[in-house]
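Note sheet for the following structure.
The values are calculated or read from the model by the stated rules, or taken from the named source; none is laboratory data. These numbers come from a predicted model, not from an experiment. Cβ sites come from the backbone with ideal geometry, for glycine too, and all protein chains shown count toward neighbours. For the accessible areas, the whole protein counts, side chains as well, though only heavy atoms, and no ligand, DNA or RNA atoms are used. Shrake-Rupley method; radii C 1.70, N 1.55, O 1.52, S 1.80 Å.
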Amino acid sequence: MSKKIIIPSVLVAIGVGAAISLVPAPPKHPEIKLSSVAMPAINDTNAETQMESRTPSSQPVATAPAVAALPSPSLEKSKKFWADYKFHAELDKFAMISNKALLLEHDKVAKKKLINDVAFIRSLKSVLLTAALDNTMSHNQNIAVDFLFEALKGSQHDEVVKVLQAVAADPAVDNEQTDMASRKALAGVKAEVLFTWSAVDPDADANIAAALPGPVSQKIWANVKKQQENNLAESASLATEQ
């Protein structure tokens, strides 16, 4: 079973006045501690202009009938992706194997088969580049991240690196035309991938630095590196005290 990192929250400053909201925390890891990765401000250029305050009228005001909110285009796009995704069985199989405390021989065979499945590995690029906008999508995306870092240790290392590079190079978080919910979700998965990849692969830093597409991605990377340095300093301090 792959181990996971602790990222209790990812801070994202959005909108006018830099209001703070939280991206759901990625999975936890018992060894690598990441207390938080602060994201750069992401300005919502499509935010509606605030209307001037007005003195309330004494006359009755007609109330418009309630209108059901239209589905978000981004949510519908993400739902369609998952409806069409062809490797649900493989994700579910890996999740089931990962939840076992003791792997039997047939589990080991099944896991090895998944880790060597190039088509499945390549499919996870789209999984990580599709905004996870509900709990089910987030769950499946977390399984995909776990699988990739397990497969990174196997014979298809180079194929996994291509997927991770695609996440690093994804320009969606830098694109102001991308809706805010998607940018926040994709910023969270980018931070998790960059943190774990650079922690377990000595060659990752150069690949990541060369792939980052814009200032928001670069700031995410800078925050990841700063947190890793803080973790190392804290570990050294604890070792000195013992």
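Some points to look at:
- Across segment 181-187, rounded Karplus estimates of 3J(HN,Hα) from the backbone phi angles (6.51 cos²θ - 1.76 cosθ + 1.60, θ = phi - 60°) give 4, 5, 4, 5, 5, 6, 5 Hz, Gly and Pro being marked x.
- Extension gain (nm, one decimal) between residue 100 and residue 139, 0.36 nm per residue minus Cα-Cα: 12.3 nm
- Of the peptides 223-231, 179-187, the order by per-residue mean of other Cβ atoms within 10 Å, starting with the highest, comes out as 179-187, 223-231.
- Carbon/sulfur fraction of accessible area - segment 104-194, other protein chains in place, 1.4 Å, %: 51
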